[in-house]
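A.B. asks: First the structure, which I've put down as structure tokens, then a few questions once you've had a look.
The values are calculated or read from the model by the stated rules, or taken from the named source; none is laboratory data. Keep in mind that what you see is a predicted model, and the values were worked out from it rather than measured. Positions of Cβ are generated from backbone atoms using ideal geometry, with glycine treated the same way; all protein chains shown enter the neighbour counts. SASA here: full protein model, heavy atoms, side chains in, ligands and nucleic acids out. Shrake-Rupley method; radii C 1.70, N 1.55, O 1.52, S 1.80 Å.
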Amino acid sequence: MQQAMDLTRYKGRQRSELIEILWDIQKSCGGISKQLQSSLAEQLNLSTSTIEEVVTFYHFFSEEYRGKNQIYLDTSIIAQHRGMKEIRETFEKELGSKIGGLSSCGTIGLFETACIGMSDQSPAALIDFVPFPKLTPKKVEIIVKELKAGVSAKEIAKKFGLGDGANASKFVRTPVCNNIQKKGDVFFTKWKKGEAVSSALSKKPNEVIDMITASGLRGRGGAGFPTGMKWKIASELSADQKYIVCNADEGEPGTFKDRLLLTEFAGLLIEGMKVASYAVGADKGFIYLRAEYFYLRDHLEKQIKDLESKGLLKDFKLKVKMGAGAYVCGEESALLESLEGKRGEPRMKPPFPVEVGLFGKPTIVNNVETFVLAAQVMRYGPQHLNKMGTEKSKGPRLLSISGDVEKPGIYEFPWGVTVAEVLKICGAKNPKIVQVGGPSGTCISKNDFVRQLAFEDLPTGGSFMVFDESRDLFEILENFMQFFVDESCGNCTPCRAGNVILRDLLKKINLGKARPSDLQKMIDWGTLVSKTSRCGLGMSSPNVLLTSFKSFEDEFKNKIKNSDELFFDFDEEKATKEYREFHRE
Amino acid sequence: MSKIDITVDGVKFSVPENINLVEALSHQGIQVPTLCWYQGMDECLGTCRVCTVKVGGRHSAACTMKTQKDMTIEFDTDELKDLRRGVIELLFVEGNHYCPSCEKSGDCLLQAQAQDMEMTHSRFPYEFNNYDLDFSGKNILLERNRCVHCKRCTELFSDDEGHKVFSFIGKGAETRVVFDHEREKKLSPHKAKEAMDLCPVGAILVKGQGFSKPYGERKYEKEPLWEKK
Ligand SMILES: Cc1cc2nc3c(=O)[nH]c(=O)nc-3n(C[C@H](O)[C@H](O)[C@H](O)COP(=O)(O)O)c2cc1C
Ligand code: SF4
Ligand code: SF4
Ligand code: FES
């Protein structure tokens with residue numbers, strides 16, 4: 001049963017704190033009932049619908065009771081390939097419930113969620129936001145037994161042991177492995193606390209920006225916007241307040257490199273943010289951390305405190321703020337909406353966040369890796385990055401490699417490395433499909449393994465998924481399309497309505513019920529969604545279909561080979577020709 | 001206001017700087033179809049994407065753009081006409097629009113745009129989604145089958161005391177419009193009518209007034225969109 005809670009403690013709190021407050025309630029009450037919503041509305045002097053709008057937007061908030069313990073299984077394709085079905089069935093059997101429901105004892109909820117940043121140690125689940133990697137049916141039985149006996153998820157995780165020991169900091173004693181497989185010499189240098197900050201402070205702000213520009217650093221979140229240019233624009237705007245925001249939403253399925261940076265390089269990240277704040281004249285900052293990484297929050301906060309106590313964050317107030325489960329909140333303007341305590345719907349651009357950002361003020365939004373690299377540029381100079389890479393993509397790229405490879409994990413490569421080289425080093429056997437850049441990226445076949453990872457060829461925000469000859473292309477594609485249907489914010493027509501139609505068309509093709517003309521429809525409709533959508537999510541969701549069709553045309557054609565040839569295609573244009581002519585007169 | 005030159009489909013026009021692109025083009029006799037945007041709106045919503053054009057070679061929603069020096073716009077091309085009609089068709093299959101029995105028929109902007117674009121059918125399969133109606137209001141009937149999720153009601157409408165009445169719940173394809181029942185009860189007849197008129201389609205209806213204006217005398221029947229061209 002949903003717990004009651006005294007909400008008077010929230011009286012007078014700001015709207016921008018709404019998501020934090022909702023987290024409190026969700027965690028202590030197991031859900032945020034309509035009744036709780038209206039009493040909270042009273043305390044915050046907001047209308048109930050304002051609260052309802054937010055509660056119903058995020059995956060991890062619920063109006064109904066989700067149990068004292070809440071289990072979220074990773075639905076990513078990688079997890080499916082690693083036996084998630086059996087894990088799910090074991091959970092269902094042990095709990096006596098189905099996905100989306102409560103255990104027979106009424107206290108443990110079982111749910112699914114998109115990629116939780118654990119594709120290198122799949123199948124994985126979050127239980128009360130404690131990560132449980134590498135699940136087996138045996139482990140599941142133990143987990144359920146212990147949960148039923150009242151043991152906390154944290155305690156159970158401890159019994160299973162810690163990660164690979166590289167979780168050096170004593171604050172991140174999690175069961176997660178870092179899985180660092182290939183160290184390069186750009187990221188993996190020894191951190192000397194304060195070096196990046198003092199290097200920056202010894203220069204003028206514009207000199208700092210010039211160094212970043214000279215390094216050729218481009219954003220690592222996906223779009224690759226030149227970081228120096230972004231900082232320069234922000235520095236030249238005059239405003240009473242500017243903000244620095246770190247995008248730690250890491251939602252693209254198959255990406256988990258920020259998870260590593262947030263544990264092993266948190267200090268450098270924070271220094272990088274301080275450097276940015278100095279360069280553009282901002283005195284406040286936020287790390288927007290995805291809810292799936294709750295287990296990293298204490299660590300980040302302690303690192304911030306530590307650097308503060310060393311006097312390294314003077315004139316810079318930095319806070320960690322949590323997301324609540326929404327891939328679209330990785331889109332920078334949706335992220336800002338979420339930071340303001342609202343539904344994570346992307347804003348219209350222009351204006352860009354760098355001009356009109358958080359609370360309407362100039363805001364730098366950068367990926368975790370971007371800030372870490374900025375700090376490294378401060379320590380070692382621009383050539384530390386621009387000595388490697390291609391003409392338009394300088395420096396290294398951290399890859400999160402998962403799927404059918406011998407050594408899934410984190411790799412540092414210089415930009416420009418070919419897919420074939422990467423496949424060799426990570427031990428891919430009989431690779432058939434490589435998905436570069438996650439579902440919103442590019443699906444390639446053997447023919448393209450000679451291509452380079454680079455903004456000018458195959459860009460990637462870090463996700464690199466490998467599928468071998470035994471995998472079914474269409475199962476993968478359906479998983480990706482379902483992801484976009486689930487994650488569309490619903491704001492604009494093409495993405496909200498179009499992705500549903502594209503998913504259904506793909507299903508039809510996979511079932512062998514499509515006709516030859518359906519393949520052309522898939523291309524045309526995908527192009528329509530991509531060209532008319534409002535934000536990057538809808539613009540790139542059809543890539544799944546468009547690029548896989550290019551790479552595996554024969555497989556698509558095989559799917560329609562046996563479709564009924566007697567079926568003729570109704571020619572709508574022809575049938576309505578007379579009407580049109582009449583209409584025009 | 002200073003004037004600047006922009007190019008539309010290869011023709012130069014001199015227009016005021018930094019004004020809404022749809023509005024600027026409309027003064028030049030070029031009517032960009034819109035659904036969420038209407039003339040006189042201060043802020044645009046950018047939700048429907050019916051106004052898609054190309055600006056500087058990039059597909060963009062015209063209502064979200066401001067006129068700038070040397071802007072190059074493509075508008076009347078086969079590709080763009082097809083994209084815009086495609087977006088309208090998406091709305092017809094996502095919702096359930098039975099125009100002949102709709103209270104808003106003839107006053108509905110979706111219907112008017114579809115007619116203007118000579119849409120005879122939708123290229124997409126109909127989804128026949130299930131939408132709940134909300135009859136429980138005192139003044140207003142919410143017919144969600146027809147909602148195009150334009151956000152006019154959630155962003156632009158407020159009651160006499162300045163409070164928001166409509167909002168969205170859920171996300172993605174599950175997004176639904178709802179109203180605050182307490183505030184709805186207190187709406188003046190005048191305000192309720194305002195909400196109905198604000199909604200471009202027949203999703204917000206004032207109870208008992210759906211047919212107060214007879215068919216045949218309605219806005220787009222008397223003045224179809226193509227007559228403006
Ligand atoms: C749907 C969507 C999801 C995104 N998710 C992320 C993310 O999880 N992390 C990230 O850094 N950038 C993400 N981005 C890119 C951001 O919008 C933005 O470009 C980035 O944070 C800018 O930082 P950068 O220049 O350092 O890359 C996403 C973009 C879109 C359209
Ligand atoms: S493309 Fe449109 S519906 Fe999709 S996430 Fe972006 S704004 Fe929302
Ligand atoms: S109810 Fe009407 S005004 Fe409101 S979002 Fe739906 S279509 Fe738009
Ligand atoms: S009219 Fe421009 S997006 Fe709706």
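A.B. asks: Give me the pairs: first residue in region A:98-116 and free of Cβ contacts under 8 Å to residues at least 12 places away in the same chain, second residue open to solvent by less than 50 Å² (accessible area, probe 1.4 Å) and polar (S, T, N, Q), beta-carbon distance under 8 Å, and six or more apart or on different chains, which are they?
C.D. replies: Cβ pairs passing all conditions: A:Ser104/A:Ser97.
A.B. asks: Checking the structure you have, find out if any residue of region A:490-498 is assigned to a helix (DSSP H, G or I), in contact with a Phe, Trp or Tyr (Cβ under 8 Å, 6 or more places away or on another chain) and more than 16 Å from ligand 4 (Cβ to nearest atom).
C.D. replies: The answer is no; no qualifying residue exists.
A.B. asks: For A:Lys531, which of the numbered conditions (1) touching a strand residue (DSSP E or B) at 6+ places or on another chain (Cβ under 7 Å); (2) outside any helix (DSSP H, G or I); (3) within 15 Å of ligand 2 (Cβ to nearest atom); (4) not polar (S, T, N, Q) fails to hold?
C.D. replies: Condition not satisfied by A:Lys531: (2).
A.B. asks: Considering only residues of region B:58-74 that are buried (at least 18 other Cβ atoms within 10 Å of the Cβ) and among the β-branched types (Val, Ile, Thr), which is farthest from B:Asp5 (Cα to Cα)?
C.D. replies: In this case the residue turns out to be B:Thr64.
A.B. asks: Looking at region A:14-55 only, could you name the residues that are β-branched (Val, Ile, Thr) and open to solvent by less than 20 Å² (accessible area, probe 1.4 Å)? Steps first, please.
C.D. replies: Within region A:14-55, the first condition is being β-branched (Val, Ile, Thr), and the residues that meet it are A:19, A:21, A:25, A:32, A:48, A:50-51, A:54-55.
Those that are β-branched (Val, Ile, Thr) and open to solvent by less than 20 Å² (accessible area, probe 1.4 Å): A:Ile19, A:Ile21, A:Ile25, A:Ile32, A:Thr50, A:Ile51, A:Val54, A:Val55.
A.B. asks: So, of the residues in region A:361-410 that are of a type in the set (Gly, Ala, Ser) and closer than 30 Å to A:Gln80 by Cα, which turns out to be surrounded by the most Cβ atoms within 10 Å (Cβ to Cβ)?
C.D. replies: Within region A:361-410, the match that is surrounded by the most Cβ atoms within 10 Å (Cβ to Cβ) is A:Ser402.
A.B. asks: Sticking with this one: List the strands (runs of 3 or more DSSP E) inside region B:1-102, counting only whole elements, that have at least 1 residues being within 21 Å of the chain's Cα centre (by Cα) and not charged (D, E, K, R).
C.D. replies: B:52-55, B:58-61
A.B. asks: Only residues that are at pLDDT below 95 and in contact with an Asp or Glu (Cβ under 8 Å, 6 or more places away or on another chain): list them for region B:12-42, please.
C.D. replies: Residue satisfying the conditions is B:Gln39 alone.
A.B. asks: So which of A:Gly498, A:Gly536 ends up being free of Cβ contacts under 8 Å to residues at least 60 places away in the same chain, within 14 Å of chain B (Cβ to nearest Cβ) and not β-branched (Val, Ile, Thr)?
C.D. replies: The unique qualifying residue is A:Gly498.
A.B. asks: Which numbered condition trips up B:Val165, out of (1) open to solvent by 30 Å² or more (accessible area, probe 1.4 Å); (2) within 13 Å of ligand 3 (Cβ to nearest atom); (3) within 20 Å of A:Thr50 (Cβ to Cβ)?
C.D. replies: Only one criterion is unmet by B:Val165, namely (1).
A.B. asks: Out of everything in region B:53-82 that is closer than 25 Å to A:Gly498 by Cβ and in contact with a Pro (Cβ under 9 Å, 6 or more places away or on another chain), what residue ends up being farthest from the other protein chains (Cβ to nearest Cβ)? Quick ask: steps written out before the conclusion?
C.D. replies: Of all residues in region B:53-82, those closer than 25 Å to A:Gly498 by Cβ come to B:53-65, B:73-82.
Next, from what is left, pick out any that are in contact with a Pro (Cβ under 9 Å, 6 or more places away or on another chain): B:64-65.
On the way: B:Thr64: 5, B:Met65: 8 Å.
This residue is B:Met65.
A.B. asks: Just to be sure, is A:Gly67 in contact with a Leu (Cβ under 9 Å, 6 or more places away or on another chain) and open to solvent by 30 Å² or more (accessible area, probe 1.4 Å)?
C.D. replies: Numbers: in contact with a Leu (Cβ under 9 Å, 6 or more places away or on another chain): yes; open to solvent by 30 Å² or more (accessible area, probe 1.4 Å): no.
The answer is no for A:Gly67.
A.B. asks: Further question: Quick one: count up the residues across region A:305-329 that are open to solvent by 30 Å² or more (accessible area, probe 1.4 Å) and within 15 Å of ligand 2 (Cβ to nearest atom).
C.D. replies: The qualifying residues number 1.
A.B. asks: Can you name every residue in region A:343-364 that is of a type in the set (A, V, I, L, M, F, W, C), at pLDDT 95 or above and within 16 Å of ligand 2 (Cβ to nearest atom)?
C.D. replies: Within region A:343-364, A:Phe352 is the sole residue that qualifies.
A.B. asks: Got a number for residues in region A:437-464 being under 22 Å from A:Gln181 (Cα atoms) and within 16 Å of ligand 1 (Cβ to nearest atom)?
C.D. replies: Counting residues in region A:437-464 that are under 22 Å from A:Gln181 (Cα atoms) and within 16 Å of ligand 1 (Cβ to nearest atom) gives 10.
A.B. asks: Could you check how many residues of region A:501-518 are under 12 Å from A:Lys559 (Cα atoms), open to solvent by 10 Å² or more (accessible area, probe 1.4 Å) and either in contact with a Pro (Cβ under 8 Å, 6 or more places away or on another chain) or more than 10 Å from chain B (Cβ to nearest Cβ) (or both)? Spell out the reasoning first.
C.D. replies: The initial filter retains those residues of region A:501-518 that are under 12 Å from A:Lys559 (Cα atoms), namely A:506-516, A:518.
Cutting the leftovers down to open to solvent by 10 Å² or more (accessible area, probe 1.4 Å) gives us A:507-508, A:510-513, A:515-516.
Filter once more, so that each one left must be either in contact with a Pro (Cβ under 8 Å, 6 or more places away or on another chain) or more than 10 Å from chain B (Cβ to nearest Cβ) (or both): A:507, A:510-513, A:515-516.
Counting residues in region A:501-518 that are under 12 Å from A:Lys559 (Cα atoms), open to solvent by 10 Å² or more (accessible area, probe 1.4 Å) and either in contact with a Pro (Cβ under 8 Å, 6 or more places away or on another chain) or more than 10 Å from chain B (Cβ to nearest Cβ) (or both) gives 7.
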